[in-house]
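Here the structure is laid out as structure tokens; the discussion comes afterwards.
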Amino acid sequence: MDVKTTFLNGEFDMSMVGELKYFLGIQMNQMKESIFISQSKYAINLVKNFGLETASSKRTPMATHVKATKNDSGNSVDITRYRSMIGNLLYLIASRPDIAHSIGVCARFQADPNESHLNLVKRIIKYVQDVNQFEYLRVALGLCTTDQ
């Protein structure tokens, strides 16, 4: 018997183990009409994984006066490390919409990153380090309940 048939016949036992608190690096706090999501543990581990825990923090994810361009004159950096940093930051967008634009700008240069692009990504990570207690409120709109 395959899994699909087993599932459709209802042969799996399910149990309620309680309210969901932590799933795939996302911490959740459920209330009556809203959900707070946070990735502070993930953000702390991200900063540690890339060795930036002792670096000075930043107040903004990207400097306003810097224009990111494809600069062929800069020294090339490890593409795998750069892509890993971008990937980790992209996962963080689930609870951190404030860094979405900055990560998108840096993601454009994944094919051939250089030191200036790596410095931009490191700045975002330093910003995440400074503001890692960010919680995002999602309000469940359209939820209809009837109490009788």
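The values are calculated or read from the model by the stated rules, or taken from the named source; none is laboratory data. Note that the structure is predicted; figures quoted are calculated from it, not measured. All Cβ positions, glycine included, derive from the backbone under ideal geometry; neighbour counts span all protein chains shown. Quick note on the areas: whole protein, heavy atoms, side chains included, nothing else; ligands and nucleic acids left out. Shrake-Rupley method; radii C 1.70, N 1.55, O 1.52, S 1.80 Å.
Residues in the range 101-121: is at least one over 21 Å from N49 (Cβ atoms), modelled with pLDDT of 85 or more and under 14 Å from the mean Cα position of the chain (by Cα)?
We begin by selecting, within the range 101-121, every residue over 21 Å from N49 (Cβ atoms); these are 101, 104-105, 108, 111-112, 114, 116.
Retained after the next criterion (residues that are modelled with pLDDT of 85 or more): 101, 104-105, 108, 111-112, 114, 116.
Subset that is under 14 Å from the mean Cα position of the chain (by Cα): 101, 104.
Yes - at least one qualifying residue is present in the range 101-121.
When you look at R96, is it crowded, with 19+ Cβ neighbours inside 10 Å, touching a strand residue (DSSP E or B) at 6+ places or on another chain (Cβ under 9 Å) and at pLDDT below 85, yes or no?
yes
Out of the residues in the range 74-94 meeting the condition of being touching a residue at least 12 places away in the same chain (Cβ under 8 Å) and in a loop (DSSP other than H, G, I, E, B), tell me which one is nearest to N45 (Cα to Cα).
A94
Which of the residues spanning the range 43-62 are assigned to a loop (DSSP other than H, G, I, E, B) and either among the acidic types (D, E) or surrounded by 13 or more Cβ atoms within 10 Å (Cβ to Cβ) (or both)? Write out each step before concluding.
Initially, the range 43-62 is screened for residues assigned to a loop (DSSP other than H, G, I, E, B), giving 50-62.
Once the filter is applied, which keeps residues that are assigned to a loop (DSSP other than H, G, I, E, B) and either among the acidic types (D, E) or surrounded by 13 or more Cβ atoms within 10 Å (Cβ to Cβ) (or both), the range 43-62 yields F50, L52, E53, A55, S57, K58, T60, P61, M62.
Please verify whether the range 70-84 includes one or more residues that are modelled with pLDDT of 90 or more, open to solvent by 90 Å² or more (accessible area, probe 1.4 Å) and farther than 22 Å from Y22 by Cα.
yes
Checking the structure you have, find out if any residue of the range 128-146 is at pLDDT 85 or above and more than 22 Å from M28 (Cβ to Cβ).
no
Within the range 33-42, is even one residue over 18 Å from I99 (Cα atoms), in contact with a strand residue (DSSP E or B) (Cβ under 8 Å, 6 or more places away or on another chain), open to solvent by less than 40 Å² (accessible area, probe 1.4 Å) and in contact (Cβ under 8 Å) with a residue 12 or more places away in the chain?
Within the range 33-42 (the criterion being over 18 Å from I99 (Cα atoms), in contact with a strand residue (DSSP E or B) (Cβ under 8 Å, 6 or more places away or on another chain), open to solvent by less than 40 Å² (accessible area, probe 1.4 Å) and in contact (Cβ under 8 Å) with a residue 12 or more places away in the chain), the answer is yes, since at least one residue qualifies.
Out of the residues in the range 43-66 that are within 15 Å of S102 (Cβ to Cβ) and of a type in the set (A, V, I, L, M), which is modelled with the lowest pLDDT?
Applying the filter and picking the extreme gives V66.
For V66, indicate whether it is among the hydrophobic types (A, V, I, L, M, F, W, C), over 17 Å from D130 (Cβ atoms) and either part of a loop (DSSP other than H, G, I, E, B) or open to solvent by less than 70 Å² (accessible area, probe 1.4 Å) (or both).
yes
Considering each residue of the range 11-32, count those that are open to solvent by 60 Å² or more (accessible area, probe 1.4 Å), at pLDDT below 80 and part of a loop (DSSP other than H, G, I, E, B), and give that number.
Result for the range 11-32: 11.
Quick check on V3: is it over 22 Å from the mean Cα position of the chain (by Cα), aliphatic (A, V, I, L, M) and at pLDDT below 85?
Yes; evaluated as a whole, the condition is true for this residue.
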